[in-house]
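J.: Let me give you the structure first, and then I'll get to my questions.
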Amino acid sequence: MLREVLIAPFSDFEFMRRALAAVVALSLGSGPIGVFLMLRRMSLVGDAMAHAILPGAAIGFLLSGLNLFAMTTGGMIAGFAVALLSGLVSRSTGLKEDASLATFYLASLAIGVTIVSVKGTNIDLLHVLFGNILAMDDPTLLMVASNATITLVVLAVIYRPLVVESVDPLFLRTVSRAGAPAHLIFLGLIVVNLVNGFQALGTLLAVGLMILPAGIARFWSRDITPMICIAVSAAIVSGYVGLVLSFQTRIPSGPAIILVASLLYLGSVLFGRVGGVLPQLFPGRHLEA
Amino acid sequence: MSMHKRLLPVLSLLLGLVIATPASAETRPNVVTSFSILADFVRQVGGDKVSVTSLVGPDSDVHVYTPTPHDAKDVGAAQLLIVNGLGLEGWLPRLQQASGSKAPIVVATQGITPRKRGSDADPHAWQSVGNAMVYVRNIRDALVAADPADAVVVKANAARYLAELDALDREVRAEIEKIPAERRKVISTHDAFGYFAEAYGIQFIAPLGVSTETEPSARDVAEIIAQVRKARIPAVFLENFNDDRLVGRIAAETGARIGGTLYSDALSEEKGPVPTYIAMVRHNIRALTSALVR
């Protein structure tokens, strides 16, 4: 019985196995990025990016029609431009990262809508770009996997400056110049992960599996390394349970996975060891003064 | 001087030609049709005796069309409106009212017994070539009534075109004969081929529990795969699924072939693959046979 519910979907259908593999790969790459985004108060960057890529996708469409590669490349370039420009502005002026990102993504969206309207088409371009976790063919699966690999390697290289900068940017500035490059590389990683994530899995999953697990992890640890491990595990668990849920109940897979992650988040808010509601209301006996 | 006298008749003849050409163009009835397939029928039957405008152009979906002010202008200038009927053009009464047009409306499906789809009629009657011939006769009669002066030409055009359609009908049946009887079924999200299926005996099986508008769940995909495996459906035509990678996955897991594009509601541009109705039917039957014939 239990085997039928939990394992049979994957042993009977290849597309379920591929979906699971994709979600594990996505979790490995997105988990750590999400944790850093949260620490830098940039959690909403994912949604902004989903809109910011429109002009690039539109130009790709104008140049070569409904060509997924051209549109993805265009989207990636637009995403990079927005991320870099907003990063530069917030570094060189007093404007905060979130505010400058919001400005740039809105401008980018406006340009995108204008370009689309010039062509006079009413195809929903972004809809074409957004994929589905159940539709993993070989190239897409490879892309998601290599994405995760590159992300982990690059993060390992810039780990130290990135951590220090997230926690104490002023200190880093006094001892090293690695802060700005690390930040820009990190922005680049976000864009690559998001755009590829959109293309492979759809917006909801790409952004959701980045942000929610980080939120969950925050309630269980104070240190970055365990936080990253918890985020990745939470993402993998949400992915697996969500796929099973989608298989058993007809909820579309993307929303199912994110719903499971949201439930985990709710549980963490209530019961989390670090700053959860209940532990705060009823502090354990071990906290004697 | 004598030269001029001899030239005069020639000149006046030329002048007459120059004047006559636009004059005859003005008398050509202005026919407005609701979508591109009807426009093709009118063009075939009317030839150069009519000028045809289609409100919903090539490559556009008549189901989701919303009229523009420009369309109201076209309708206002029309002497004859030709529509499909059977509930396809729900927007037409309002458009005609807005345009102030007094042009008669001809329903091309007059005399066709509609298939029921749920409680509504299925409007895609043109997908059976036999029905298309009814369309053409209705359009012929409407054009003759609108412009009796050109009746002879219109009737001759219609007779020629009807003969072509008749040959096309036989061609489609002959093509279907090549498919082994147990392989005459496809799984398809198209809801436009009811009349085609009925006339030519190819089963169009809708995938279970899937609407193309919403994201499919894992269960939906699993059920389609189980359905295709169980009924041994040899080909999937799911091109209006929102993700063709998903169709690829379904095909890979069932061993079914992926069918090509089926055109249902609109012709393509002049240079596209299906500029006319006959080209469209040929294209569809080729897509079906190449996926179904072993």
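For (1) within 22 Å of A:ASN193 (Cα to Cα); (2) outside any helix (DSSP H, G or I); (3) of a type outside the set (Gly, Ala, Ser), each residue gets a yes or a no:
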| site | (1), (2), (3) |
| --- | --- |
| A:ALA70 | yes, no, no |
| A:ALA83 | yes, no, no |
| A:GLY87 | yes, no, no |
| A:ARG91 | no, no, yes |
| A:LEU95 | no, yes, yes |
| A:ASP98 | yes, no, yes |
| A:LEU101 | yes, no, yes |
| A:LEU109 | yes, no, yes |
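J.: Related question: With A:PHE219, A:PHE198 as the choices, which residue is within 13 Å of chain B (Cβ to nearest Cβ), hydrophobic (A, V, I, L, M, F, W, C) and under 27 Å from A:LEU264 (Cβ atoms)?
T.: Just one listed residue meets the conditions, A:PHE198.
J.: I need the helices (runs of 4 or more DSSP H) fully contained in the stretch A:192-282, keeping only those with at least 1 residues that are without any contact (Cβ under 8 Å) to a residue 40 or more places away in the chain and of a type in the set (A, V, I, L, M). Steps first, answer last, please.
T.: Working: elements: A:203-218, A:224-249, A:253-271, A:277-281.
Correct list: A:224-249, A:253-271, A:277-281.
J.: Being within 14 Å of chain B (Cβ to nearest Cβ) and of a type in the set (Asp, Glu) is the filter; apply it to the stretch A:136-173 and report the residue that is surrounded by the fewest Cβ atoms within 10 Å (Cβ to Cβ). Walk me through how you get there before you give the answer.
T.: Keep residues of the stretch A:136-173 that are within 14 Å of chain B (Cβ to nearest Cβ), which gives A:136-144.
So of that shortlist, the ones also of a type in the set (Asp, Glu) come out as A:137-138.
Numbers: A:ASP137: 17, A:ASP138: 10.
Across the stretch A:136-173, the extreme among qualifying residues is A:ASP138.
J.: Check off (1) more than 23 Å from A:VAL191 (Cβ to Cβ); (2) at pLDDT 80 or above; (3) hydroxyl-bearing (Ser, Thr, Tyr) for A:SER176 and give me the number that stays unchecked.
T.: Single failed check for A:SER176: (2).
Residues checked against (1) surrounded by fewer than 23 Cβ atoms within 10 Å (Cβ to Cβ); (2) farther than 16 Å from A:SER43 by Cα:
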| position | (1), (2) |
| --- | --- |
| A:LEU201 | no, yes |
| A:VAL207 | no, no |
| A:PRO213 | no, no |
| A:ILE216 | no, no |
| A:SER221 | yes, yes |
| A:PRO226 | yes, yes |
| A:ALA231 | no, no |
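J.: Can you confirm whether the stretch B:116-134 contains a residue that is at pLDDT 95 or above, charged (D, E, K, R) and closer than 24 Å to B:MET280 by Cα?
T.: no
J.: Follow-up question, since we're still on this one. Looking at this structure, is B:ARG232 away from chain A (no Cβ under 14 Å), over 27 Å from the mean Cα position of the chain (by Cα) and among the charged types (D, E, K, R)? Walk me through it before giving the result.
T.: Values: away from chain A (no Cβ under 14 Å): yes; over 27 Å from the mean Cα position of the chain (by Cα): yes; among the charged types (D, E, K, R): yes.
Against the criterion (away from chain A (no Cβ under 14 Å), over 27 Å from the mean Cα position of the chain (by Cα) and among the charged types (D, E, K, R)), B:ARG232 qualifies.
Every residue, every condition in (1) closer than 17 Å to B:VAL107 by Cα; (2) free of Cβ contacts under 8 Å to residues at least 24 places away in the same chain; (3) in contact with a His (Cβ under 9 Å, 6 or more places away or on another chain), yes or no:
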site	(1), (2), (3)
B:TRP126	yes, no, no
B:ASN131	yes, no, no
B:TYR135	yes, no, no
B:ASN138	yes, no, no
B:LEU143	yes, no, no
B:ALA151	no, yes, no
B:ALA159	no, yes, no
B:ALA163	no, yes, no
B:GLU175	no, no, no
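J.: Which of (1) away from chain B (no Cβ under 14 Å); (2) crowded, with 23+ Cβ neighbours inside 10 Å is the odd one out, the single condition A:ALA22 does not satisfy?
T.: If we test A:ALA22 against (1) away from chain B (no Cβ under 14 Å); (2) crowded, with 23+ Cβ neighbours inside 10 Å, just (1) comes out false.
J.: Determine the pairs where a residue that is at pLDDT below 80, located within the stretch A:105-132, has a partner that is loosely packed, with under 13 Cβ neighbours inside 10 Å with Cβ atoms under 6 Å apart, the partner being 6 or more residues away or on another chain.
T.: Filtered contacts from the stretch A:105-132: no entries.
J.: Condition (residue is at pLDDT 85 or above, within 14 Å of chain A (Cβ to nearest Cβ), under 16 Å from A:PRO252 (Cβ atoms) and surrounded by fewer than 19 Cβ atoms within 10 Å (Cβ to Cβ)) applied to the stretch B:199-216: is it met by at least one residue?
T.: no
J.: Right, here's the next one. Please tell me if A:SER246 is in contact with a helix residue (DSSP H, G or I) (Cβ under 7 Å, 6 or more places away or on another chain), among the small types (Gly, Ala, Ser), within 14 Å of another protein chain (Cβ to nearest Cβ) and within 24 Å of A:ALA206 (Cβ to Cβ). Steps first, answer last, please.
T.: Working: in contact with a helix residue (DSSP H, G or I) (Cβ under 7 Å, 6 or more places away or on another chain): yes; among the small types (Gly, Ala, Ser): yes; within 14 Å of another protein chain (Cβ to nearest Cβ): yes; within 24 Å of A:ALA206 (Cβ to Cβ): yes.
Taking the combined requirement at face value, the residue satisfies it.
J.: Identify the residue in the stretch B:236-262 that is assigned to a strand (DSSP E or B) and surrounded by fewer than 22 Cβ atoms within 10 Å (Cβ to Cβ) and, among all such residues, is modelled with the lowest pLDDT. Steps first, please.
T.: Narrowing the stretch B:236-262 to residues assigned to a strand (DSSP E or B): B:236-237, B:257-258.
Filter once more, keeping what is surrounded by fewer than 22 Cβ atoms within 10 Å (Cβ to Cβ): B:257-258.
Details: B:ARG257: 88, B:ILE258: 85.
Restricting to residues being assigned to a strand (DSSP E or B) and surrounded by fewer than 22 Cβ atoms within 10 Å (Cβ to Cβ), the top hit is B:ILE258.
J.: Now for a separate question. Go through the stretch B:177-203 and give me each residue that's without any contact (Cβ under 8 Å) to a residue 24 or more places away in the chain and in contact with a Phe, Trp or Tyr (Cβ under 9 Å, 6 or more places away or on another chain).
T.: B:ALA197
J.: Being closer than 20 Å to A:GLY56 by Cβ and at pLDDT 85 or above narrows it down to one of A:LEU189, A:LEU212, A:LEU201, so name that one.
T.: Working: A:LEU212 fails: closer than 20 Å to A:GLY56 by Cβ; A:LEU201 fails: at pLDDT 85 or above.
Answer to the selection: A:LEU189.
J.: Related question: Looking at this structure, is B:SER54 buried (at least 16 other Cβ atoms within 10 Å of the Cβ), over 27 Å from B:VAL154 (Cα atoms) and polar (S, T, N, Q)?
T.: Numbers: buried (at least 16 other Cβ atoms within 10 Å of the Cβ): yes; over 27 Å from B:VAL154 (Cα atoms): no; polar (S, T, N, Q): yes.
No; evaluated as a whole, the condition is false for this residue.
J.: I would also like to ask the following. Hey, among A:MET76, A:MET38, which residue is in a helix (DSSP H, G or I), surrounded by fewer than 21 Cβ atoms within 10 Å (Cβ to Cβ) and under 15 Å from the mean Cα position of the chain (by Cα)? Before you say what the answer is, go through the steps one by one.
T.: Details: A:MET76 fails: surrounded by fewer than 21 Cβ atoms within 10 Å (Cβ to Cβ).
Residue meeting the stated conditions: A:MET38.
J.: Another question, then. Could you list all residues from the stretch A:166-183 that are without any contact (Cβ under 8 Å) to a residue 24 or more places away in the chain and in a helix (DSSP H, G or I)?
T.: A:PRO169, A:LEU170, A:PHE171, A:LEU172, A:ARG173, A:THR174, A:VAL175, A:GLY179, A:PRO181, listed by residue number.
J.: Output the residues belonging to the stretch A:1-54 that are β-branched (Val, Ile, Thr) and free of Cβ contacts under 8 Å to residues at least 12 places away in the same chain. Talk me through it step by step, then tell me what you get.
T.: Of the residues in the stretch A:1-54, the ones β-branched (Val, Ile, Thr) are A:5, A:7, A:23-24, A:33, A:35, A:45, A:53.
Listed by number, the list holds a single entry, A:ILE7.
The values are calculated or read from the model by the stated rules, or taken from the named source; none is laboratory data. These numbers come from a predicted model, not from an experiment. Cβ atoms come from the backbone with ideal geometry, glycine included; neighbour counts cover every protein chain shown.
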